[in-house]
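Participant: Below is the structure I would like to discuss, written out as structure tokens.
The values are calculated or read from the model by the stated rules, or taken from the named source; none is laboratory data. It should be emphasised that the depicted structure is a prediction, and the values quoted were computed from it without experimental measurement. Counting neighbours? That spans all protein chains shown, and the Cβs are built from the backbone with ideal geometry, glycine included.
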Amino acid sequence: MNFKDQLMAELSKRNTDYMASIIGNNEDLFKEIMNVALYAETLVSGRAFWVVETVWLKYPYLINPYINDLIDFLPRTKKDNQRRHSTKILSSIDLRTLDEDRLGTLIDRCFFWLEDPKFPTAVKMFSMEIIYNFVLIEPVLAGELIAIIENQLNEGTPGFKNRGEKLLKKLYRFVD
């Protein structure tokens with residue numbers, strides 16, 4: 001299958017599900033769609049990330065060889081759909097498995113996206129989750145995450161408020 005052509009043929013859940021069903025748990029096909037997601041032009045990349053996420057939801061282990069590539073890609077993202085799908089996937093990984101440089105890149109990007117008002121709620125919510133997962137390893141950052149969430153809570157969307165309030169309850173345990 002020519003993934004780029006199929007991605008450009010139709011932007012729909014139906015097409016995404018179709019492509020994901022073709023890929024299934026085939027590691028070679030998953031590698032192909034990951035290469036499209038990570039290295040194709042922005043429009044195709046964003047659509048490919050939707051397929052990647054759809055496959056990942058059913059076969060989460062397939063993403064493991066690409067976690068470092070995914071983190072390395074974060075500073076180059078240009079579209080919110082790339083950020084949303086990437087952060088959703090990365091919010092589920094064990095951060096202790098990352099090397100220090102990649103962990104730093106991931107946390108830096110997440111703080112940037114969480115603090116900047118121009119980024120959409122989904123990117124902020126997954127970024128919040130990733131930072132919270134890091135707080136479980138480095139509790140010293142709890143205060144900073146609390147301050148950012150509290151600062152945006154009043155103007156946040158209902159989804160942001162819901163997730164933010166749930167995380168704040170957990171985060172308050174880390175500070176006096």
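Participant: MET19 - would you say it is under 20 Å from the mean Cα position of the chain (by Cα), closer than 22 Å to ILE67 by Cβ and crowded, with 18+ Cβ neighbours inside 10 Å?
Facilitator: Working: under 20 Å from the mean Cα position of the chain (by Cα): no; closer than 22 Å to ILE67 by Cβ: yes; crowded, with 18+ Cβ neighbours inside 10 Å: yes.
It is false that MET19 is under 20 Å from the mean Cα position of the chain (by Cα), closer than 22 Å to ILE67 by Cβ and crowded, with 18+ Cβ neighbours inside 10 Å.
Participant: Here's something else I'd like to know. Report the residue count in segment 90-139 for those that are closer than 21 Å to GLN152 by Cβ and aliphatic (A, V, I, L, M). Reasoning before the result, please.
Facilitator: First, pick out the residues of segment 90-139 that are closer than 21 Å to GLN152 by Cβ: 90-91, 106-135.
Subsequent filtering for residues that are aliphatic (A, V, I, L, M) retains 90, 106-107, 114, 122-123, 125, 128, 130-131, 135.
Number of matching residues: 11.
Participant: Against the condition surrounded by 18 or more Cβ atoms within 10 Å (Cβ to Cβ) and under 24 Å from ASN162 (Cα atoms), how does LEU136 come out, does it pass? Don't jump to the end; show me each part of the working.
Facilitator: Working: surrounded by 18 or more Cβ atoms within 10 Å (Cβ to Cβ): no; under 24 Å from ASN162 (Cα atoms): yes.
It is false that LEU136 is surrounded by 18 or more Cβ atoms within 10 Å (Cβ to Cβ) and under 24 Å from ASN162 (Cα atoms).
Participant: Of all residues in segment 32-56 being modelled with pLDDT of 95 or more and of a type in the set (S, T, N, Q), which is surrounded by the most Cβ atoms within 10 Å (Cβ to Cβ)?
Facilitator: If we take residues in segment 32-56 being modelled with pLDDT of 95 or more and of a type in the set (S, T, N, Q), then SER45 is surrounded by the most Cβ atoms within 10 Å (Cβ to Cβ).
Participant: Report, ordered by the first and then the second residue, all pairs with beta carbons closer than 7 Å, sequence separation of six or more or different chains, a first member in segment 113-140 that is touching a residue at least 12 places away in the same chain (Cβ under 8 Å) and of a type in the set (Asp, Glu), and a second member that is surrounded by fewer than 21 Cβ atoms within 10 Å (Cβ to Cβ) and assigned to a helix (DSSP H, G or I).
Facilitator: GLU115/ILE148
Participant: Looking at GLU100, GLU138, GLU129, GLU155 in this structure, which one is in contact with a helix residue (DSSP H, G or I) (Cβ under 8 Å, 6 or more places away or on another chain) and farther than 23 Å from ARG47 by Cα? I'd like the intermediate steps shown before the answer.
Facilitator: Details: GLU100 fails: in contact with a helix residue (DSSP H, G or I) (Cβ under 8 Å, 6 or more places away or on another chain); GLU138 fails: in contact with a helix residue (DSSP H, G or I) (Cβ under 8 Å, 6 or more places away or on another chain); GLU155 fails: in contact with a helix residue (DSSP H, G or I) (Cβ under 8 Å, 6 or more places away or on another chain).
Every option except GLU129 fails the conditions.
Participant: Within segment 1-35, which residues are within 14 Å of ILE63 (Cα to Cα) and among the aliphatic types (A, V, I, L, M)? Don't jump to the end; show me each part of the working.
Facilitator: Filtering segment 1-35 for residues within 14 Å of ILE63 (Cα to Cα) gives 20, 23-35.
Listed by number, the residues that qualify are ALA20, ILE23, LEU29, ILE33, MET34.
Participant: Report, ordered by the first and then the second residue, all pairs with beta carbons closer than 8 Å, sequence separation of six or more or different chains, a first member in segment 39-65 that is not in a helix (DSSP H, G or I), and a second member that is not hydroxyl-bearing (Ser, Thr, Tyr).
Facilitator: Note: pairs meeting the criteria are ALA40/LYS4; ALA40/ALA48; TYR59/GLY24; TYR59/ASN25; TYR59/PHE30.
Participant: Let me ask something else about it. In segment 18-38, what residues are among the small types (Gly, Ala, Ser) and assigned to a helix (DSSP H, G or I)?
Facilitator: Initially, segment 18-38 is screened for residues among the small types (Gly, Ala, Ser), giving 20-21, 24, 37.
Of everything in segment 18-38, those that are among the small types (Gly, Ala, Ser) and assigned to a helix (DSSP H, G or I) turn out to be ALA20, SER21, ALA37.
Participant: Something else: Which of the numbered conditions does ASP101 fail, given that it passes all the others? Conditions: (1) crowded, with 20+ Cβ neighbours inside 10 Å; (2) farther than 20 Å from LEU62 by Cα.
Facilitator: (1)
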